[in-house]
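Nothing in this text is a laboratory measurement; each read-out follows from the coordinates by a stated rule. Values in this document were obtained by computation on a predicted structure and should not be read as measured data. Here Cβ is always computed from backbone atoms with ideal geometry, including for glycine, and neighbour counts include all displayed protein chains.
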Amino acid sequence: MDVAVVGAGQAGLSAGYQLRRDGVDFVMFDHAQRPGGAWQHRWPTLTLGKAHRIADLPGMPLGTPDPGRPASDVVSEYFARYEREYGLDVHRPVDVSSVRDLPDGRLLLSTSEGDYAARFLINASGTWEKPFWPRYAGMETFRGRHLHTHDYRGPAEFAGKRVMVVGGGASGVQALLEIAEVAAETRWATRRPPEWVEGPFDEELGRAAVAKVDERVRRGLPPGSVVSVTGLMLTDEVRAARASGVLRRLPMFERVTPSGVVWADGSSFDADVILWATGFRASLGHLAPLGLRGPGGGIAMDGTRVAADPRVHLLGYGPSASTIGANRAGRSAARAVRRALQETGRPRANIGRTTMNLPSERPESPRDDRTAEIAPVA
């Protein structure tokens, strides 16, 4: 193939859409059993009305679904409809175990359905498969339950329990608000004080946030979390929780004990559950054979392209690790690959626009790049 796309979340589908429009020969792989990207794994009580705004995919608005429905169901249906509408034949469930160099300069993808060779790789494998667990002294001694938001399924199982929530991202806040309604007692600890942002999250703030993350990855540093540069949105629900004391932030504890946690000043909290809302890391283990990481621990980027290997584009890494950048990054990567193929004299695939039902005569919706649709992550 000319191009392999790994991952069929928002960024991967956006790239596939543009590759189709441009008549590029490509194949798409997705690890999940069904469409929906990471959204399909969100807990059932996270309804569409509670979730951050879901960005429209290029060419097809989400519309106005029932805000009371689980966001995981709404997005999965939307992504499935999008794949059908634009003829994106996603191979799933397929695991891509490694990507290696071939002697002729192509990339060899070893997958669970066989080997593929591609001239370019658009990697949109996301972060869901790599929940981040920090290490604190005494964690292994805790007699209660350690739980990451990766496996959080709603507040019901916390009824009557004492819960310690760790993490300053949107997922931690959302889970804490739900759990506090049924738990016996809760505490909330973060590494740094949360920065609360009055809405709306406008275009200027969005661009500034993207620029900060982009500057880090251009230097080859790990990108860090999106919420560290966006802050947390102040909603009416959040204001009420702050007023009631539910969202009273504590500094990080010093250690974990068999019965809970202890702070440096000697204060403690006995807990039944420690919920680690500590975010995720980019799922890039299959790219390890390419040796992309630099001395700083990150991957130096030039836009979506890996600076040290222009065959590889990373989506969902750095500035595109949220809805603010996914559509734009997918389109940018696909267009860059098309230009590179044209420079090498590769012909376009014989794909007709009419058979794909592509809106070639009208501009894409301006909603595609709306910075107000950023969804900060932990």
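May I ask for the net charge around W43, where only other residues with Cβ less than 13 Å from the Cβ of W43 are counted and Lys, Arg are +1 while Asp, Glu are -1?
Combined, the nearby Lys, Arg, Asp and Glu give -1.
Across all Cα pairs in segment 235-282, the calculated P(r) in 5 Å bins from zero up to the longest distance comes to 5, 16, 19, 19, 20, 14, 7, 1 percent per bin. Peptides 159-165, 71-77, 288-294, 107-113 ranked from most to least packed by the mean count of surrounding Cβ atoms within 10 Å: 71-77, 159-165, 107-113, 288-294.
Simple spin-label estimate for T235 and E140 gives 4.0 nm between the two label positions (7 Å along the Cα-to-Cβ direction from each Cα).
With the Kirkwood sum run over all distinct C-alpha pairs, segment 250-340 has a hydrodynamic radius of 16.5 Å. Would you please state which residues of segment 241-273 a label at E185 would reach in this model, taking the label point 7 Å out along Cα→Cβ and a backbone N cut-off of under 11 Å? Under 11 Å, as judged by backbone N against the label point of E185, lie 268-272 of segment 241-273. Using a cutoff of 8 angstrom between alpha carbon atoms and counting only pairs six or more residues apart, the relative contact order for segment 45-159 works out to 16 percent. Count the DSSP beta bridges whose two residues both fall in segment 1-156, then state the antiparallel fraction as a percent rounded to the nearest 5. Within segment 1-156, antiparallel bridges account for around 55 percent of the total. The listed peptides 146-158, 20-32, 254-266, ordered by packing as a protection proxy, come out as 20-32, 146-158, 254-266 (highest mean of other Cβ atoms within 10 Å first).
Can you list the equivalent-ellipsoid semi-axes of segment 116-170, largest first and in whole Å, using the square root of 5 times each Cα gyration tensor eigenvalue?
Gyration-tensor ellipsoid for segment 116-170: 34, 16, 10 Å.
Shown for segment 67-146 is the translational diffusion coefficient from the Stokes-Einstein equation, using the Kirkwood radius over Cα pairs, a temperature of 20 °C and a viscosity of 1.002 mPa s: 126 µm²/s. Cα extents for segment 40-98 along the principal axes, largest to smallest and rounded to whole angstrom: 37, 26, 14. Modelled this way, with points 7 Å down the Cα-to-C-beta line, the labels at E198 and S112 are 5.0 nm from one another.
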